[in-house]
1. For Ala48, are the conditions met, namely being closer than 13 Å to Leu89 by Cα, in contact (Cβ under 8 Å) with a residue 12 or more places away in the chain, surrounded by 14 or more Cβ atoms within 10 Å (Cβ to Cβ) and hydrophobic (A, V, I, L, M, F, W, C)?
2. Filter segment 54-97 down to the residues that are in a loop (DSSP other than H, G, I, E, B) and either within 13 Å of Val32 (Cβ to Cβ) or small (Gly, Ala, Ser) (or both) and list them by number.
3. So Thr113 fits all but one of (1) β-branched (Val, Ile, Thr); (2) over 20 Å from His21 (Cα atoms); (3) touching a residue at least 12 places away in the same chain (Cβ under 8 Å); what number is the exception?
4. Scan segment 1-49 for residues that are closer than 23 Å to Thr113 by Cα and of a type in the set (S, T, N, Q) and report the count.
5. Take Ala14 and decide whether it is of a type outside the set (D, E, K, R), touching a Ser or Thr at 6+ places or on another chain (Cβ under 9 Å) and either surrounded by 17 or more Cβ atoms within 10 Å (Cβ to Cβ) or touching a residue at least 24 places away in the same chain (Cβ under 8 Å) (or both).
6. Would it be correct to say that Lys74 is over 20 Å from Arg137 (Cβ atoms) and either aromatic (Phe, Trp, Tyr) or in contact with a strand residue (DSSP E or B) (Cβ under 9 Å, 6 or more places away or on another chain) (or both)?
Amino acid sequence: MIDEGKKAPAITLADQHGAMHSLKDLLGRPVVLYFYPKDDTSGCTKEACQFRDLLPRFEQGKAIVIGISPDSSKSHAKFVAKHELNFTLLADPKDQDGIPRVCTKYGVWQEKTMYGKKYMGVVRTTYLIDSKGNVARRWDKVKVPDHATEVLDAVQALG
């Protein structure tokens, strides 16, 4: 995990259309990077739709919202279309060892347990990166209800 006040690690990933995006290109405005486990699952859909519905208010604060998961650009495109998402989703595909590199850099690729079975996966985490590229705030093991509103409050507090 990247601590608050530390520089956010550099990333360059493809979006739902295959276009490449780099964090360094977004300097000068706040960036909400929210990491989620999987497209079109219950919790991930609710979280994405919250960000979708609040996006105009994030934009008033000049913030950019970006979702990241290990799903493919093609999967992201379907997810965006199905739920009319109005922000960028970045694909962090797993490498030959089954590890998504950006999720690992940000410390969200962790051991999880479900029904007694252990496996590696994305732990729902959100980072608010300030206009200088530093982590202003981090939310660990995010609970979906009201999360986007809490992140919006933090964006507004940045000024």
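Bear in mind that the values in this text are calculations on the coordinates, not laboratory data. Worth saying up front: this structure is predicted, and the values here are computed from it rather than measured. We place every Cβ from the backbone using ideal geometry, glycine too, and count neighbours over all the protein chains shown.
1. Working: closer than 13 Å to Leu89 by Cα: yes; in contact (Cβ under 8 Å) with a residue 12 or more places away in the chain: yes; surrounded by 14 or more Cβ atoms within 10 Å (Cβ to Cβ): yes; hydrophobic (A, V, I, L, M, F, W, C): yes.
For Ala48, the condition - closer than 13 Å to Leu89 by Cα, in contact (Cβ under 8 Å) with a residue 12 or more places away in the chain, surrounded by 14 or more Cβ atoms within 10 Å (Cβ to Cβ) and hydrophobic (A, V, I, L, M, F, W, C) - is met.
2. Taking segment 54-97 as the starting set, the residues that turn out to be in a loop (DSSP other than H, G, I, E, B) are 61-63, 70-72, 84-87, 92-93, 95-97.
Scanning segment 54-97 gives Gly61, Lys62, Ala63, Ser72, Phe87.
3. (3)
4. 3
5. On the way: of a type outside the set (D, E, K, R): yes; touching a Ser or Thr at 6+ places or on another chain (Cβ under 9 Å): yes; either surrounded by 17 or more Cβ atoms within 10 Å (Cβ to Cβ) or touching a residue at least 24 places away in the same chain (Cβ under 8 Å) (or both): yes.
Spelling it out, Ala14 is indeed of a type outside the set (D, E, K, R), touching a Ser or Thr at 6+ places or on another chain (Cβ under 9 Å) and either surrounded by 17 or more Cβ atoms within 10 Å (Cβ to Cβ) or touching a residue at least 24 places away in the same chain (Cβ under 8 Å) (or both).
6. Values: over 20 Å from Arg137 (Cβ atoms): yes; either aromatic (Phe, Trp, Tyr) or in contact with a strand residue (DSSP E or B) (Cβ under 9 Å, 6 or more places away or on another chain) (or both): yes.
Against the criterion (over 20 Å from Arg137 (Cβ atoms) and either aromatic (Phe, Trp, Tyr) or in contact with a strand residue (DSSP E or B) (Cβ under 9 Å, 6 or more places away or on another chain) (or both)), Lys74 qualifies.
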